[in-house]
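**Student:** Take this structure, written in structure tokens, and hold onto it; I'll ask about it next.
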Amino acid sequence: MNRIDKNIGKQALEFILNAKNIIIIPHNNPDGDAVGSALALKLLFNMIGKNSEVIAPSDFPESLKWMPEANNVILYNRNKNKAVKAIKLADLIFYVDFNAINRIEKMAKEFTDIKANTILIDHHPDAKKFTDILISDTNSSSTSELIFEFIESIGKIDIIDKDIANCILTGIFTDTGILNYNSSNPQTFNIVSKLLDIGAEKNRIIDSVYNNFSSNRMKFMGYCLNNKMKVFPEFGAAYISITKEELTQFEYQPGDIEGFVNLPLSIKGIVFTGIFVEKSGFTKVSFRSEGNYPANSIAKRHYNGGGHLNAAGGKYFGTLDESIAKFEEIIAENKCLLKK
Ligand code: 5GP
Ligand code: MN
């Protein structure tokens, strides 16, 4: 079963065959799904002899840099001239793993006057129609899972090799906590099975992404759990807050706090968690939830963000303390959402 309409696959293939220079754009602070999706496409285009570049708005964690082509990703925030040149040259643009152009932050301004054909592949709710082709499915665990179906829909499934399979499986694993959450659809397991058949290296992925942390990161996690986690059993909620000084104290590297927001969810009765990180001029927030507790509408309404029902994020334009005070207000108001 492939969820992508045959005609869409046909039209996308035409775009690809007619394109000379293809660029692939993941969201800001790209995660495993965004990077895995983008690199899988890049590897596919390498195999069929098309020029392509992945251009990311900002850097991504070291734990994802083992993937093929990861070191050739152009970073807009570090190498703007090279990025702009590649954008101008492109006649086909793929956007992956985001639902609105503002998710690429400052880089969005480079795309206001684009003549190239455009394709969006994404699994977030409310995908905006800002491209010629929109492939959006919120039932997909990850964009990477959709990339597998996309490759199938353009008739190139035989091209998927071990490297492409590794990128796709990395995206599926990182968006589902290694098939822990958001992965009850049998189709996800179907695709994982096909990827393993092709040669995807499950153990290598898990070792590279999950067993590759610095000791500072582990100490920081312990510190946060011991000193910075506040639990509200009566509201089924908990949060962790982190100041700029603490980031410096624990020699923070990108990706170091990845996953911290999930930790309080393993406490009995906790169904909504937040992490608040102090930045310059704003507070970066992430939320996770279980069941119907709407992390995304809270992020959208109060924190200038959005996301999935159970995983969302945004920014609060105020101090760390103000952003936390808001959270405490929200969880008290939402007490009615808890199951009796
Ligand atoms: P994370 O908490 O891992 O950074 O993000 C989880 C999900 O929340 C992402 O997949 C994305 O959908 C959403 N998200 C995170 N940050 C933002 C943001 O600043 N704006 C919007 N619209 N969504 C975000
Ligand atoms: Mn994703």
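**Student:** Could you go through the stretch 134-145 and let me know if any residue there is part of a helix (DSSP H, G or I), within 16 Å of ligand 2 (Cβ to nearest atom), more than 23 Å from Glu62 (Cβ to Cβ) and without any contact (Cβ under 8 Å) to a residue 60 or more places away in the chain.
**Tutor:** yes
**Student:** Taking into account only those residues within the stretch 78-128 that are assigned to a strand (DSSP E or B) and more than 16 Å from ligand 1 (Cβ to nearest atom), which is nearest to Ala12 (Cα to Cα)?
**Tutor:** Ile119
**Student:** Looking only at the stretch 243-258, count how many residues are within 24 Å of the chain's Cα centre (by Cα) and buried (at least 17 other Cβ atoms within 10 Å of the Cβ).
**Tutor:** Within the stretch 243-258, residues that are within 24 Å of the chain's Cα centre (by Cα) and buried (at least 17 other Cβ atoms within 10 Å of the Cβ) number 6.
**Student:** Further question: Exactly one condition in (1) touching a Gly at 6+ places or on another chain (Cβ under 9 Å); (2) within 14 Å of ligand 2 (Cβ to nearest atom) is not met by Glu152; state its number.
**Tutor:** Against the list (1) touching a Gly at 6+ places or on another chain (Cβ under 9 Å); (2) within 14 Å of ligand 2 (Cβ to nearest atom), Glu152 comes up short only on (2).
**Student:** Yes or no: Lys268 away from ligand 2 (no atom under 16 Å from the Cβ), modelled with pLDDT of 95 or more and in contact with a strand residue (DSSP E or B) (Cβ under 6 Å, 6 or more places away or on another chain)?
**Tutor:** In short, no.
**Student:** Is there a residue in the stretch 202-216 that is within 16 Å of ligand 1 (Cβ to nearest atom), free of Cβ contacts under 8 Å to residues at least 12 places away in the same chain, surrounded by fewer than 17 Cβ atoms within 10 Å (Cβ to Cβ) and within 23 Å of the chain's Cα centre (by Cα)?
**Tutor:** No, the stretch 202-216 contains no residue that is within 16 Å of ligand 1 (Cβ to nearest atom), free of Cβ contacts under 8 Å to residues at least 12 places away in the same chain, surrounded by fewer than 17 Cβ atoms within 10 Å (Cβ to Cβ) and within 23 Å of the chain's Cα centre (by Cα).
**Student:** Does any residue of the stretch 308-318 turn out to be closer than 20 Å to Met221 by Cβ and assigned by TED's automatic domain parsing to the domain that holds Gln249?
**Tutor:** yes
**Student:** If you don't mind, there's one more thing I want to ask. Go over the candidates Asn304, Asn296, Asn310 one by one and state the one that is within 16 Å of ligand 2 (Cβ to nearest atom), polar (S, T, N, Q), surrounded by fewer than 21 Cβ atoms within 10 Å (Cβ to Cβ) and within 20 Å of the chain's Cα centre (by Cα).
**Tutor:** Just one listed residue meets the conditions, Asn310.
**Student:** For residues in the stretch 312-329 being part of a helix (DSSP H, G or I) and more than 15 Å from ligand 1 (Cβ to nearest atom), which is farthest from Asp31 (Cα to Cα)?
**Tutor:** The residue in question is Glu329.
**Student:** Which condition number in (1) free of Cβ contacts under 8 Å to residues at least 40 places away in the same chain; (2) part of a helix (DSSP H, G or I); (3) in the same structural domain as Ile25 (by TED's automatic domain parsing) is the one that Leu195 fails?
**Tutor:** So Leu195 meets the others, but not (1).
**Student:** What are the pairs with Cβ atoms under 6 angstrom where one residue, in the stretch 68-86, is at positive phi and the other, located anywhere, is of a type in the set (Ser, Thr, Tyr)? Sequence gap at least six, or different chains.
**Tutor:** Taking only residues 6 or more apart or on different chains, not a single pair turns up.
**Student:** Give the stretch 68-77 a look and list any residue that's in a helix (DSSP H, G or I) and either in contact with an Asp or Glu (Cβ under 8 Å, 6 or more places away or on another chain) or not assigned by TED's automatic domain parsing to the domain that holds Glu201 (or both), or say none.
**Tutor:** Scanning the stretch 68-77 gives a single hit, Asn72.
The values are calculated or read from the model by the stated rules, or taken from the named source; none is laboratory data. The structure presented is a predicted model; accordingly, all values stated were derived computationally and were not measured. Positions of Cβ are backbone-derived with ideal geometry, glycine not excepted, and every protein chain shown enters the neighbour counts.
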